[in-house]
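Student: So that we are looking at the same thing, I have put the structure below in structure tokens.
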Amino acid sequence: MMLTSGRYKGNPVAVHLRLKAIKLQHFERWLAMFDDTYQELLDASVADGFRVKAVRIAESLKLASFYRLDRAWHANPQ
């Protein structure tokens, strides 16, 4: 997915919706771990592109998993 090859055919939203114990904080932890990994492995210019995509993916998954029209949305709860 990150390389935009078009080969990825999974459904990450469906997978994340099945994870009943997942919390918003898990996405922040995942992004931190992802940051550490790609910064270690990639050049800065490539790493920046990965970061942008990773944040978009995380936001999309958070909205799909937690946003409900009948309650307030707090993207970054304390």
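Student: What's the exposure ranking of Met2, Met33, going from fewest to most Cβ atoms within 10 Å?
Tutor: Values: Met2 13, Met33 10.
In order of increasing Cβ crowding within 10 Å: Met33, Met2.
Student: OK, next. What residues have an amide H closer than 5 Å to that of Met2, excluding those fewer than 5 places away on the same chain, when H is modeled at 1.01 Å from N in the peptide plane?
Tutor: Correct list: empty.
Student: In degrees, nearest 10, range 0 to 90: what is the angle between the Cα axis of helix 24-41 and the longest Cα principal axis of the chain?
Tutor: Roughly 0 degrees, rounded to the nearest 10.
Student: Report, in deg cm²/dmol and to the nearest 500, the calculated mean residue ellipticity at 222 nm for the chain, where each DSSP H run with n ≥ 4 adds -39500 (n - 2.57) and the sum is divided by the residue count. It would help to have the intermediate numbers written out before the result.
Tutor: Values: 3 runs with 47 residues, N = 78.
Calculated from helices alone, the mean residue ellipticity at 222 nm is -20000 deg cm²/dmol.
Student: So, one more: Which lysines have a Cα less than 17 Å from the Cα of Lys20, not counting those fewer than 8 places away in the same chain?
Tutor: Those lysines meeting the cut-off are Lys62.
Student: Once R0 is set to 25 Å, what does the formula 1/(1 + (r/R0)^6) return for the Cβ-Cβ distance between Tyr8 and Ala44, expressed as a FRET efficiency to the nearest 0.05?
Tutor: On the way: r = 25 Å, r/R0 = 0.99.
That gives a FRET efficiency of 0.50.
Student: Decide, for segment 22-66, between rounded, prolate and oblate: order the square roots of the alpha carbon gyration tensor eigenvalues as a ≥ b ≥ c, take rounded if a/c falls under 1.5, and otherwise choose prolate if a/b is larger than b/c, else oblate.
Tutor: Numbers: a/c = 4.75, a/b = 1.91, b/c = 2.49.
Note, shape of segment 22-66 comes out oblate.
Student: What number, in percent, do you get for the relative contact order of the chain if the mean sequence gap of Cα pairs under 8 Å and at least 6 apart is divided by its residue count? Display every interim value, and only then the final one.
Tutor: Working: 29 pairs, mean separation 32.7, N = 78.
Result for the chain is 42 percent.
Student: Debye sum, Cα scatterers, the chain, no solvent: what log₁₀ I/I(0) at q = 0.14, 0.21, 0.24 1/Å?
Tutor: Debye intensities relative to I(0), on a log10 scale: -0.54, -1.07, -1.24.
Every number in this text was worked out from the coordinates using simple rules, so none of it is lab data. As the structure is a computational prediction, the values presented were derived from the model and not from experiment. Note: ideal-geometry Cβ built from the backbone for every residue, glycine included; neighbour counts use all protein chains shown.
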